[in-house]
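The values are calculated or read from the model by the stated rules, or taken from the named source; none is laboratory data. Predicted, not measured: the structure shown is a model, and the values here were computed from it. With ideal geometry, Cβ positions are generated from the backbone for all residues, glycine too; neighbour counts draw on all protein chains shown.
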Amino acid sequence: MAARDTICALASGSPPSAIAVLRISGPGVSGIAAWMLACGLPEPRRTSLTYVYDATGTLIDQGLALYAKAPQSYTGEDTLELYLHGGPAVIDHALRALTSTPGVRLAEPGEFTRRAFENDKLDLTEAEGVADIIEAETGAQKAQALRQLGGGLTEIYDGWRDALTGALALVEVMIDFPDEGDVPLDTLRPILELLDKVIAEIEAAIGDRGVGERIRDGFRIAIVGPPNAGKSSILNRLARREAAIVTDIAGTTRDIVEVRVILGGQVVWIADTAGLRETEDVVEAEGVRRARRAAAEADLRIHVIDGAAPSPTPGPVESQDIVVFNKADACPAVLAPDGALQVSAATGEGIDTLESWIARFVSGRAASVEAPVITRARHREKLAAGLMSLTAARVALADDAGAELAAEDIRMALRQLSSVIGKIDVEDVLGAVFSRFCIGK
Ligand SMILES: Nc1nc2c(ncn2[C@@H]2O[C@H](COP(=O)(O)OP(=O)(O)O)[C@@H](O)[C@H]2O)c(=O)[nH]1
Ligand SMILES: [Mg+2]
């Protein structure tokens, strides 16, 4: 393999900060330490307090240096970390000194982790866990990311791959030594047991109502109802700002207005939508179409009914949905249907209860799956494809002549599962995963 570039980057937050962590990884590390550090190359895994110089011998700063020798490092390469004072001039001087060295350049986003992946220090789901924990804002996101970067998904996929590799070996025996006539049940049974176990587990993972993805990306809630019911006013109350335009003209809201809040320890996207009604206005009609789609895709709908309307009743409501009777300040409460929450977007009455109902829903939904297997769309697509191949393999095995087909289907499923953890050719996937990292990680 051609000698790799040595990469460097600021790994800590933007300056000024108390301390700046500079990271260097690659074959050039020991050469750099020789001229850069007064202490020379430090002993591995021991911090050394040292003066730090540029190549001309000008002092950059005094700080701590930590050396990790390949392969016992995060990237699997020689790495050096410098803990310097976190001022812009220090950082600039140090990075200029490093990048003016031949063979040394600034790291691309996620490149340290990508090298770790390429050196088998972690698989792709673990690398995704690293990206997720850096972005985690809620405790639930952090816990999920920690589980993933600690190999929680790797273990599951390895189990599936072992079972399928075992099943494939048995199918190949059937192909090599075909019995006369029907395949005896003794040969088939262990294969079917292995396939059925994996199929059942993948089905369970897929049937999780997207909880892992929601914890990571946020739950989706849509505010729906007739024009002028006060949907935008309620959104603004929940957002604690004037996110959506409120007027007494029906048909004001046309596009979806989304706000992001944290409720029940979860990220929640609340969407205000156009009032549902028949309209000749093409722009409003498009808004109504979008509103219906947002309602259909949401995890939970808040149906707002207009307390001032002649007969305040909601449209079709699903069991977990919330019905809100708005304008309670101006309307007799006796009109509110059973189970509806009375609020007034005008005075703020009932909004805290609405928030706690939403919080209860999202935290209950998040807790409904103990350890979600799917945490992003990429996993879901591959698992769905793998499941199709396994179902096809099962059908093929029911047929005498189907062993060859079944073997091909199982191999296909293995490829789908392997691509989730990054064990097979996934150049485009790698690009997509690592480009979303921050620099220095
Ligand atoms: N009295 C009263 N008026 C409200 C309340 N909520 C909204 N309104 C008024 O109802 C009209 C429509 O509100 P808006 O939020 O734009 O409704 P939307 O069309 O459902 O988004 C505006 O004139 C608001 O000021 C409320 O709780 N009480
Ligand atoms: Mg509106």
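Numbers at a glance
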| quantity | calculated |
| --- | --- |
| Looking only at segment 209-253, and only at residues there that are closer than 22 Å to Gly364 by Cα and assigned to a loop (DSSP other than H, G, I, E, B), the one that is nearest to ligand 1 (Cβ to nearest atom) | Gly218 |
| Residue list for segment 39-69, restricted to those being farther than 18 Å from Ala18 by Cα, surrounded by 16 or more Cβ atoms within 10 Å (Cβ to Cβ) and out of contact with any Pro (no Cβ under 8 Å at 6 or more places or on another chain) | Leu41, Pro42, Tyr53, Asp54 |
| Residue list for segment 334-350, restricted to those being under 27 Å from Arg209 (Cβ atoms) and either modelled with pLDDT of 90 or more or in a strand (DSSP E or B) (or both) | Ala340, Leu341 |
| Residue satisfying all of: in segment 256-280; acidic (Asp, Glu) and modelled with pLDDT of 90 or more; farthest from the chain's Cα centre (by Cα) among these | Asp272 |
| Residue list for segment 302-333, filter: away from ligand 2 (no atom under 15 Å from the Cβ), over 17 Å from Ile270 (Cα atoms), within 39 Å of the chain's Cα centre (by Cα) and outside any loop (DSSP other than H, G, I, E, B) | Phe325 |
| Ile421 touching a residue at least 60 places away in the same chain (Cβ under 8 Å), farther than 25 Å from Ala204 by Cβ, aliphatic (A, V, I, L, M) and buried (at least 16 other Cβ atoms within 10 Å of the Cβ) | no |
| Of residues in segment 251-269 being touching a Gly at 6+ places or on another chain (Cβ under 6 Å) and free of Cβ contacts under 8 Å to residues at least 60 places away in the same chain, the one nearest to ligand 2 (Cβ to nearest atom) | Arg254 |
| Failed item in (1) in the same structural domain as Gly139 (by TED's automatic domain parsing); (2) without any contact (Cβ under 8 Å) to a residue 60 or more places away in the chain; (3) surrounded by 15 or more Cβ atoms within 10 Å (Cβ to Cβ), with Gly350 passing the rest | (1) |
| Any pair with Cβ under 7 angstrom, 6 or more apart, that starts in segment 216-230 at a residue that is farther than 30 Å from Leu149 by Cα and ends at one that is of a type in the set (Lys, Arg) | Ala222/Arg301; Ile223/Lys231; Val224/Arg301; Gly225/Lys231; Pro226/Arg277; Pro227/Arg277; Gly230/Lys327 |
| Which listed residue is out of contact with any Leu (no Cβ under 6 Å at 6 or more places or on another chain) and of a type outside the set (D, E, K, R), from Gly129, Gly103 | Gly103 |
| Considering residues of segment 231-241 that are at negative phi and more than 9 Å from ligand 2 (Cβ to nearest atom) only, the residue surrounded by the most Cβ atoms within 10 Å (Cβ to Cβ) | Ile234 |
| Selected residue (criterion: surrounded by the fewest Cβ atoms within 10 Å (Cβ to Cβ)) from residues of segment 273-285 that are out of contact with any Asp or Glu (no Cβ under 9 Å at 6 or more places or on another chain) and not in a loop (DSSP other than H, G, I, E, B) | Val282 |
| Restricting segment 81-110 to residues that are assigned to a loop (DSSP other than H, G, I, E, B) and not acidic (Asp, Glu), the residue that is surrounded by the fewest Cβ atoms within 10 Å (Cβ to Cβ) | Pro102 |
| Among (1) within 13 Å of ligand 1 (Cβ to nearest atom); (2) at pLDDT 95 or above, the one test that Asp306 misses | (2) |
| Matching option when the condition is acidic (Asp, Glu), part of a helix (DSSP H, G or I), free of Cβ contacts under 8 Å to residues at least 40 places away in the same chain and not assigned by TED's automatic domain parsing to the domain that holds Leu263, among Glu193, Glu172 | Glu193 |
| Residue count for segment 318-340, restricted to those that are surrounded by fewer than 18 Cβ atoms within 10 Å (Cβ to Cβ) and closer than 27 Å to Arg240 by Cβ | 5 |
| Test: residue in segment 83-91 that is on the phi > 0 side of the Ramachandran plot and either over 31 Å from the mean Cα position of the chain (by Cα) or modelled with pLDDT under 95 (or both) | no |
| Candidates Glu77, Glu43 - the one that is of a type in the set (Asp, Glu), modelled with pLDDT of 95 or more and more than 34 Å from the chain's Cα centre (by Cα) | Glu43 |
| Residue match in segment 262-279 (condition: β-branched (Val, Ile, Thr) and over 29 Å from Arg216 (Cα atoms)) | yes |
| Qualifying residue in segment 1-9 (condition: touching a Pro at 6+ places or on another chain (Cβ under 7 Å), within 19 Å of Gly110 (Cα to Cα) and surrounded by 14 or more Cβ atoms within 10 Å (Cβ to Cβ)) | yes |
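Yes or no, residue by residue, for (1) within 16 Å of ligand 2 (Cβ to nearest atom); (2) under 31 Å from the mean Cα position of the chain (by Cα):
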{"position": "Ile175", "(1), (2)": "no, no"}
{"position": "Leu194", "(1), (2)": "no, yes"}
{"position": "Ala204", "(1), (2)": "no, yes"}
{"position": "Ala222", "(1), (2)": "yes, yes"}
{"position": "Ala229", "(1), (2)": "yes, no"}
{"position": "Ala243", "(1), (2)": "yes, yes"}
{"position": "Val246", "(1), (2)": "yes, no"}
{"position": "Ile249", "(1), (2)": "yes, no"}
